[in-house]
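Trainee: Provided herewith is a single structure, encoded as structure tokens, for subsequent inquiry.
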Amino acid sequence: MVRYDLQNTLDFQVNRVRLKAELFIPSQAVFLAVLVLDEKEDKFADRFSKMRNFLNERGVATLFLKGLLTQEEKEIHANRSDINLLSDRLSEITKQIKNIEGANSLKISYIGSSSIAGRMFRAAGSSDSTVESLILIGNGLQEYDGKFLNASVLNILGELDFAGRIVNRSVLSKIETFIKKVYFVPGSPSHFEDNTKWFLVSEAIQRWYRFPEKRSRDFSEF
């Protein structure tokens with residue numbers, strides 16, 4: 001059967017709220033990357049949009065979530081730091097993906113900044129999770145003491161972010177998972193503000209998806 005590119009803006013009904021997300025599925029896609037943007041990280045929206053386009057052009061499907069709260073909910077500080085609320089919503093959206101024609105057969109992965117890793121850790125750590133990997137960008141990983149039955153972990157750090165190495169290694173050392181890897185962006189600090197460095201971040205992620213059988217060999221140990 002011939003497959004065609006699919007692009008759509010979706011409304012996810014989660015409890016009593018609706019959350020929008022932008023879906024793009026290239027023909028012959030195998031992986032679906034759920035890009036999760038922090039409610040406080042609007043300044044990163046452009047970078048994540050560029051990453052989405054980069055991945056789409058190379059055959060990776062994406063679901064771009066610009067936050068897990070409504071505009072009204074964002075105004076309440078407690079909501080923005082409620083890991084249980086945010087992870088439950090991410091889990092529910094992930095379950096609903098399996099009901100979307102064209103996306104239901106894809107392998108699901110999360111991409112987000114390390115500063116919001118908590119919600120992704122918790123969503124991927126549930127016993128019924130279908131998430132195959134988590135990609136965490138930058139330093140400042142949030143603590144998590146659980147384990148992943150099915151998900152692998154990739155952390156992307158700047159080569160010059162020496163403090164980030166120490167903090168993130170400490171957090172990841174407590175997490176039990178089958179594959180746990182790191183990629184160091186050459187000559188970069190932690191935030192990858194330079195477009196060239198952000199391209200290297202996107203390129204590493206694309207390689208993670210393109211050659212999953214080579215992850216243990218192609219990416220560094222912590």
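The values are calculated or read from the model by the stated rules, or taken from the named source; none is laboratory data. As the structure is a computational prediction, the values presented were derived from the model and not from experiment. Note that we place each Cβ from the backbone using ideal geometry, even for glycine, and neighbour counts take in every protein chain shown. Heads up: the accessible areas ignore ligands, DNA and RNA and are worked out on the full protein's heavy atoms, side chains in. Shrake-Rupley method; radii C 1.70, N 1.55, O 1.52, S 1.80 Å.
Trainee: Which of the residues belonging to the range 161-182 are surrounded by 14 or more Cβ atoms within 10 Å (Cβ to Cβ) and either aliphatic (A, V, I, L, M) or touching a His at 6+ places or on another chain (Cβ under 6 Å) (or both)?
Mentor: Residues satisfying the conditions are VAL167, VAL171, LEU172, ILE175, ILE179, VAL182.
Trainee: Which residue pairs have Cβ atoms under 8 Å apart, sit 6 or more places apart or on different chains, and have a first residue in the range 91-112 that is touching a residue at least 40 places away in the same chain (Cβ under 8 Å) and among the aliphatic types (A, V, I, L, M) and a second that is part of a loop (DSSP other than H, G, I, E, B) and surrounded by fewer than 17 Cβ atoms within 10 Å (Cβ to Cβ)?
Mentor: Filtered contacts from the range 91-112: ILE97/ASN104; LEU106/VAL30; ILE108/THR130.
Trainee: Anything in the range 27-47 that is modelled with pLDDT of 95 or more and not aliphatic (A, V, I, L, M)? List them, or say none.
Mentor: If the condition is that a residue be modelled with pLDDT of 95 or more and not aliphatic (A, V, I, L, M), then PHE31 is the only one that fits.
Trainee: Confirm whether LEU149 is assigned to a loop (DSSP other than H, G, I, E, B), open to solvent by 40 Å² or more (accessible area, probe 1.4 Å) and among the hydrophobic types (A, V, I, L, M, F, W, C).
Mentor: Numbers: assigned to a loop (DSSP other than H, G, I, E, B): yes; open to solvent by 40 Å² or more (accessible area, probe 1.4 Å): yes; among the hydrophobic types (A, V, I, L, M, F, W, C): yes.
Answer is yes for this residue.
Trainee: In the range 59-136, which helices (runs of 4 or more DSSP H) lie fully inside it and hold 3 or more residues that are under 13 Å from the mean Cα position of the chain (by Cα)?
Mentor: Details: elements: 71-74, 77-80, 83-97, 117-125.
Of the helices (runs of 4 or more DSSP H) lying wholly inside the range 59-136, those with at least 3 residues that are under 13 Å from the mean Cα position of the chain (by Cα) span 83-97, 117-125.
Trainee: Quick one: is ASN139 in a loop (DSSP other than H, G, I, E, B), within 25 Å of SER49 (Cβ to Cβ) and open to solvent by 40 Å² or more (accessible area, probe 1.4 Å)? Talk me through it step by step, then tell me what you get.
Mentor: Details: in a loop (DSSP other than H, G, I, E, B): yes; within 25 Å of SER49 (Cβ to Cβ): yes; open to solvent by 40 Å² or more (accessible area, probe 1.4 Å): yes.
Judged against the criteria, ASN139 is a match.
Trainee: Which residues, counting only those in the range 184-213, are in a helix (DSSP H, G or I) and either modelled with pLDDT under 90 or under 15 Å from GLU132 (Cβ atoms) (or both)? Before you say what the answer is, go through the steps one by one.
Mentor: Filtering the range 184-213 down to residues in a helix (DSSP H, G or I) leaves 195-210, 212-213.
Hits for the range 184-213 are ILE205, TRP208, TYR209, ARG210, PRO212, GLU213.
Trainee: Looking only at the range 31-55, count how many residues are touching a strand residue (DSSP E or B) at 6+ places or on another chain (Cβ under 6 Å) and either open to solvent by 20 Å² or more (accessible area, probe 1.4 Å) or not in a helix (DSSP H, G or I) (or both). Outline the logic, then answer.
Mentor: As a first pass, look at the range 31-55 and keep what is touching a strand residue (DSSP E or B) at 6+ places or on another chain (Cβ under 6 Å): 31-36, 48, 52, 55.
Checking which are either open to solvent by 20 Å² or more (accessible area, probe 1.4 Å) or not in a helix (DSSP H, G or I) (or both) leaves us with 31-36, 52.
So the count comes out to 7.
Trainee: Moving on to the next point. If you take the residues of the range 98-113 that are in contact with a Ser or Thr (Cβ under 9 Å, 6 or more places away or on another chain) and modelled with pLDDT of 95 or more, which of them is farthest from VAL36 (Cα to Cα)? Outline the logic, then answer.
Mentor: Here is the first cut: in the range 98-113, the ones in contact with a Ser or Thr (Cβ under 9 Å, 6 or more places away or on another chain) are 98, 107-111.
This time we only want the ones that are modelled with pLDDT of 95 or more, so: 107-111.
Numbers: LYS107: 16, ILE108: 13, SER109: 10, TYR110: 7, ILE111: 6 Å.
For the range 98-113, the residue satisfying everything is LYS107.
Trainee: Looking only at the range 66-100, how many residues end up being open to solvent by 60 Å² or more (accessible area, probe 1.4 Å), under 21 Å from GLU22 (Cβ atoms) and in contact with a Lys or Arg (Cβ under 8 Å, 6 or more places away or on another chain)?
Mentor: The qualifying residues number 1.
Trainee: Quickly run through the range 149-159 and pick out the residues that are among the hydrophobic types (A, V, I, L, M, F, W, C) and either under 15 Å from the mean Cα position of the chain (by Cα) or at pLDDT 95 or above (or both). Outline the logic, then answer.
Mentor: Let us first name the residues in the range 149-159 that are among the hydrophobic types (A, V, I, L, M, F, W, C), namely 149, 151, 153-154, 156-157.
Answer for the range 149-159, where residues must be among the hydrophobic types (A, V, I, L, M, F, W, C) and either under 15 Å from the mean Cα position of the chain (by Cα) or at pLDDT 95 or above (or both): ALA151, VAL153, LEU154, ILE156, LEU157.
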